[in-house]
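This report refers to the structure that appears directly beneath it.
Coordinate-derived values only; no laboratory data. None of these values were measured; they are calculated from a predicted model. Cβ coordinates were reconstructed from backbone atoms using ideal geometry, including for glycine residues, and neighbour counts include every protein chain displayed.
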Amino acid sequence: MPPKVKVTKQMVADASFEVIRASGHENLNARTISEYLGCSTQPVLYSFKTVDEIREAAYEIADSYHTGFIMPKEADENPMLTLGLNYVRFGQEEKNLFRFLFQTDKFGGKDVAHLMADPGLSEILKIMAAGLKTDTEQAREMFLSFFCVAHGMASLLANNSMEYDEEQCKKMLENVFYGMIAAGKGA
């Protein structure tokens, strides 16, 4: 008789991510995770004390996946526009993950102030400021405006309130981006 497969904490977290990705965070529970893993609920609940702990682990995986999805490649001509378009595409292609990350109070309830204070943003702002020949504070203001537009489009797409048209989305982001540059030069 072959030995039983041991269900690890990482396996439970990965399965939780996949359940959320496929059917939404509302459907995450010990039963759906155990069905995904092909085991009973006992090993799922052995690794974590509560389903909320499982959600937290899945959130970390989803957040990392999101970062990899949206980051521009080094060869991109305009990394800021690419970042925005990738963010919008994430809302379209990964609707369940987008809602889990950004539209749940408990797990995505970070406000814009937290986003703007994120240390990871400072490097993006430095690159943006250098490329636009402006200071970091003006780059921060421009980024906030750009982010709000991109997030709005991604939210509309994630909630099926807008049809995805990549060219239209790109044009809107370009209008905002180049409009901000023009406004900055006129200031």
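Below are the figures for this structure:
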| read-out | value |
| --- | --- |
| Leading residue at positive end of dipole, segment 72-187 (Cβ point charges), from 80, 130, 117 | 117 |
| Neighbour-limited loop hits for GluC sites (Glu not before Pro), segment 138-187 (at most 15 other Cβ within 10 Å; DSSP other than H, G, I, E, B) | 163 |
| Span from the segment 167-183 Cα centroid across to the segment 44-114 one, whole angstrom | 24 |
| Computed lengthening from residue 141 to residue 116, 0.36 nm per intervening residue step minus Cα-Cα distance | 8.0 nm |
| Top positive-direction residue, dipole computed over the chain with Cβ charges, set 181, 50, 13 | 50 |
| Relative contact order %, the chain, counting alpha carbon pairs below 8 Å whose residues are six or more apart | 20 |
| Trypsin sites (Lys or Arg not before Pro), loop per DSSP, at most 16 other Cβ atoms within 10 Å - longest free stretch of the chain | 134-187 |
| Backbone HN-Hα couplings from phi across segment 114-120 [Karplus 6.51/-1.76/1.60, Hz, Gly and Pro as x] | 5, 4, 5, 8, 4, x, x |
| On Cα atoms only, tilt of 136-158 relative to the major axis of the chain in degrees | 50 |
| Label-point separation in nm, residue 27 to residue 60, each point 7 Å along Cα→Cβ | 2.6 |
| From the coordinates shown, Rg and Dmax of the Cα atoms in Å corresponds to which of (i) 19.7, 77; (ii) 18.6, 63; (iii) 18.7, 69 | (i) |
| Helical mean residue ellipticity (222 nm; -39500 (n - 2.57) per DSSP H run of 4+; nearest 500) of the chain | -24000 deg cm²/dmol |
| Estimated FRET transfer efficiency when R0 is 30 angstrom, pair residue 35-residue 164 (beta carbons, to 0.05) | 0.45 |
| Mean-position separation - Cα centroids, segment 132-147 and segment 11-28, in angstrom | 36 |
| Charged-residue dipole, Cβ positions (Lys, Arg, Asp, Glu), segment 1-70 about Cα centre, Debye nearest 20 | 340 |
| Overall form of segment 1-70 per C-alpha gyration tensor (a/c, 1.5; a/b vs b/c) | prolate |
| In nm, spacing of pseudo-spin labels at residue 67 and residue 51 (7 Å Cα→C-beta vector) | 2.8 |
| Calculated from backbone phi, Karplus (6.51, -1.76, 1.60) coupling profile of segment 11-25 in Hz, x at Gly/Pro | 4, 5, 4, 4, 5, 4, 4, 5, 5, 4, 4, 7, 9, x, 5 |
| Computed magnitude of the charge dipole of the chain (debye, nearest 20; Cβ of K, R +1, Cβ of D, E -1) | 420 |
